[in-house]
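Just below is one structure, and these are the notes that go with it.
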Amino acid sequence: MKKTKHNGIISLWKFIFAIVIAIYHGNALYTDSAVHLFKGGYIAVEFFFIVSGFYFAKGVLKEKYNQKTIGKETVKYIWDKYKRFLPYLLISCVGFTILAEILNPNFKTAQIFNTIYNILLLKQFGFNSPVHPSAVWYLSVMLISMAILYPIVKKHKENFICIFSPVIAILIMGYLAHSFNSINQSYLTWNKIISTGTLRGFAEINLGMFIYYIHTVLKDIKYTKFCRFILTMIGELNLVFILCLVSLSSHFISYDYAMLAFITISVLIMTSGKTLEYNILSNKFTRYLEKLSLPIFINHQIFYYVVVMLKILENSNPLYRILAYLIPTIIFSIIELFIIERIDYNRIKKIFINN
């Protein structure tokens with residue numbers, strides 16, 4: 001099979017980790033702290049940040065720098081990213097707020113106006129919004145990080161990525177490791193002028209960018225079939241090991257930064273195009289799963305909220321309650337993706353603007 005630009009390995013793992021995050025947020029349904037599914041599932045966000053940094057660098061390095069237009073190009077780049085998320089954000093944020101109004105007697109109607117902070121991805125930067133699908137903080141940090149990095153990387157190219165990106169990653173992650181017992185504890189901590197969760201994402205995106213630089217150095221090496229087999233095993237087993245650790249071990253917090261290293265190694269291997277499963281998994285189905293991972297990631301807390309507020313299966317096994325919001329999330333996301341991909345935005349635009 002001929003290799004394609006689409007990497008099905010990354011696509012498949014994006015889908016898996018989106019499901020892991022959805023299950024992780026269901027841990028609040030457990031009363032017995034000894035029994036959880038993916039208790040450390042937050043580590044999946046690190047995979048998304050590193051992959052985002054990798055493909056960000058890959059795309060920007062191909063573009064030419066023009067000092068006169070760099071501002072406009074940066075705005076366009078971020079807008080193109082944001083508008084891909086916007087339909088899902090609108091449905092999720094507005095839907096979440098409406099449900100809160102209907103199901104939560106303590107919800108204040110005036111809080112509806114704060115939904116705009118979620119749609120604009122501003123909550124991570126200090127704007128108050130008490131009701132929200134918290135998973136979108138990743139999108140918020142990703143876009144602001146790319147807005148900062150885009151003009152710099154476009155101008156300085158590999159010079160920035162191979163020198164400053166690893167230094168930024170090490171300095172920030174070193175600070176977080178010194179200040180917090182867990183990567184996850186830094187998520188909502190406010191450090192005078194910025195959330196440490198924002199620092200966390202910025203560091204990991206820079207780490208992903210540096211991984212791309214290493215990828216460009218290694219990509220022309222011709223490996224033996226035995227070496228490709230070893231790389232395949234390391235790349236896949238690293239992530240499988242992490243999933244087992246965060247699900248089965250009560251001490252996973254102690255290994256946070258080691259797991260980050262394992263994820264980084266796996267991303268480097270999986271993006272090499274040299275592993276045995278690359279051709280098998282690079283197909284339309286895995287591409288679809290990658291597309292589906294976004295609405296699942298954004299929507300799952302809506303259905304979780306319904307299960308909690310309506311006390312669905314309240315006295316049953318927490319696993320059943322997780323399935324009670326996970327299955328509708330997947331079904332809704334499939335329908336939502338189908339509809340959104342078929343909207344003719346040009347026709348809608350003509351209603352308001354004459355060309």
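Scanning segment 291-316 for residues that are surrounded by fewer than 19 Cβ atoms within 10 Å (Cβ to Cβ), under 30 Å from Ile119 (Cα atoms) and either touching a Ser or Thr at 6+ places or on another chain (Cβ under 6 Å) or without any contact (Cβ under 8 Å) to a residue 24 or more places away in the chain (or both) gives Lys311, Ile312. Residues that are more than 27 Å from Tyr213 (Cα to Cα) and among the aromatic types (Phe, Trp, Tyr) number at least 2 in the following helices (runs of 4 or more DSSP H) confined to segment 262-342: 284-309, 318-340. Residues in segment 165-191 that are surrounded by fewer than 19 Cβ atoms within 10 Å (Cβ to Cβ) and either touching a residue at least 40 places away in the same chain (Cβ under 8 Å) or among the small types (Gly, Ala, Ser) (or both): Pro166, Gly174, Ala177, Ser179, Asn181, Ser182, Trp190.
Exactly one residue out of Leu294, Leu281 is within 30 Å of Ile230 (Cα to Cα) and hydrophobic (A, V, I, L, M, F, W, C), and it is Leu281. Counting the residues of segment 87-114 that are among the hydrophobic types (A, V, I, L, M, F, W, C) and surrounded by fewer than 15 Cβ atoms within 10 Å (Cβ to Cβ) gives 7. Beta carbons closer than 7 Å, at least 6 apart along the sequence or on distinct chains, pair a first residue in segment 1-29 that is part of a helix (DSSP H, G or I) with a second that is modelled with pLDDT under 85 and basic (Lys, Arg) for Asn27/Lys39. Reported count of residues in segment 159-209, each being in contact with a Gly (Cβ under 8 Å, 6 or more places away or on another chain), in a helix (DSSP H, G or I) and among the hydrophobic types (A, V, I, L, M, F, W, C), is 3.
Name the single residue, out of those in segment 279-290 being touching a Ser or Thr at 6+ places or on another chain (Cβ under 8 Å) and not aliphatic (A, V, I, L, M), that is surrounded by the fewest Cβ atoms within 10 Å (Cβ to Cβ).
Here the answer is Arg287.
The combined condition, being under 21 Å from Asn27 (Cα atoms) and among the charged types (D, E, K, R), is not fulfilled by Arg287. For segment 255-265, the candidate set comprises residues that are free of Cβ contacts under 8 Å to residues at least 40 places away in the same chain and not aromatic (Phe, Trp, Tyr); within that set, the residue that is nearest to Cys244 (Cα to Cα) is Ala258. Assigned to a helix (DSSP H, G or I), β-branched (Val, Ile, Thr) and farther than 16 Å from Pro295 by Cβ: does that describe Ile91? No, not satisfied. Taken over segment 88-135, residues that are at pLDDT below 80, under 17 Å from the mean Cα position of the chain (by Cα) and aliphatic (A, V, I, L, M) amount to 1.
Hey, Tyr223 hits all of (1) part of a helix (DSSP H, G or I); (2) under 21 Å from Phe54 (Cβ atoms) but one; which does it fall short on? The single condition Tyr223 does not satisfy is (1).
Just so you know, in segment 26-38 the residues that are at negative phi and buried (at least 20 other Cβ atoms within 10 Å of the Cβ) include one that is modelled with the lowest pLDDT, and it is His36. Only one of (1) under 30 Å from Phe127 (Cα atoms); (2) within 17 Å of the chain's Cα centre (by Cα) fails for Tyr257. Which number is that? It is condition (2) that Tyr257 fails. Does Phe85 qualify as being in a helix (DSSP H, G or I) and modelled with pLDDT of 95 or more? Here the answer is no, as Phe85 does not meet what is asked.
The values are calculated or read from the model by the stated rules, or taken from the named source; none is laboratory data. Note that the structure is predicted; figures quoted are calculated from it, not measured. Neighbour counts are summed over all protein chains in view; Cβ atoms, including those assigned to glycine, are modelled from backbone coordinates with ideal geometry.
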